[in-house]
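Engineer: Pasting a structure here, questions to come.
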Amino acid sequence: MLNNLLLELFYNFIPQNECKHDKVSPMSDGEYCPDCGRYIVNEWYITRCKCCGVRLQSVKKGEDVIPAEKFCHNCGGSDFYLEKLSKIDFVNINYAVLIKRAMEDGAFSRTTQCWQDFDGENQVLKLLPFFDKKVSRG
Ligand SMILES: [Zn+2]
Ligand SMILES: [Zn+2]
């Protein structure tokens, strides 16, 4: 009984061989990964300066997407927000970061996104920071 529990704990700590879903095309909205069989959705994110709204070169840091530079090249601000792109284009692709997200057990993750009105010169809808809550099992 106790041994089983220890064994279970032990296996939970073994790092899983995470599939990188390399064969999933970055240009598709989503498809099944031929390596692991899970449904993979491509999500593109860019960071924007909170102060002036310009696009910032974005990099992936662990699970997060952050600006590559500490300060905005346009205004010197250090605050940023994350924008999820509904589609990648050739302008944004130079700034954006691709996250290949596996849909767990065929169930699409429930996420809430809020849109924010942009009252700048060009009327573009912007996404508020995107929160993706990881649900831990057990
Ligand atoms: Zn895979
Ligand atoms: Zn700025």
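Engineer: What ranking do His21, His73 get, fewest neighbouring Cβ atoms within 10 angstrom at the top?
Structural biologist: Details: His21 18, His73 13.
Listed from fewest to most nearby Cβ atoms, that is His73, His21.
Engineer: Convert each backbone phi in the range 65-79 into a coupling constant with the Karplus relation 6.51 cos²θ - 1.76 cosθ + 1.60 (shift: θ = phi - 60°), then list the ³J(HN,Hα) values in order as whole Hz, x for Gly and Pro.
Structural biologist: 10, 9, x, 5, 9, 6, 10, 5, 6, 9, 10, x, x, 10, 8
Engineer: Would you mind checking the range 57-83 for residues with the amide N under 20 Å from a putative spin-label position 7 Å along Cα→C-beta of Glu18?
Structural biologist: What the label zone holds, given the 20 Å backbone N cut-off, is 58-68.
Engineer: Can you compute the FRET efficiency between Asp64 and Asp35 using 1/(1 + (r/R0)^6), with r the Cβ-Cβ distance and R0 = 22 Å? Round to the nearest 0.05.
Structural biologist: Taking R0 as 22 Å, the efficiency between Asp64 and Asp35 is 0.35.
Values in this text are rule-based calculations from the coordinates and carry no lab data. Please read all numbers here as calculations on a predicted model, not as lab measurements. Heads up, the Cβs are rebuilt from the backbone with ideal geometry, glycines too, and the neighbour counts pull from every protein chain shown.
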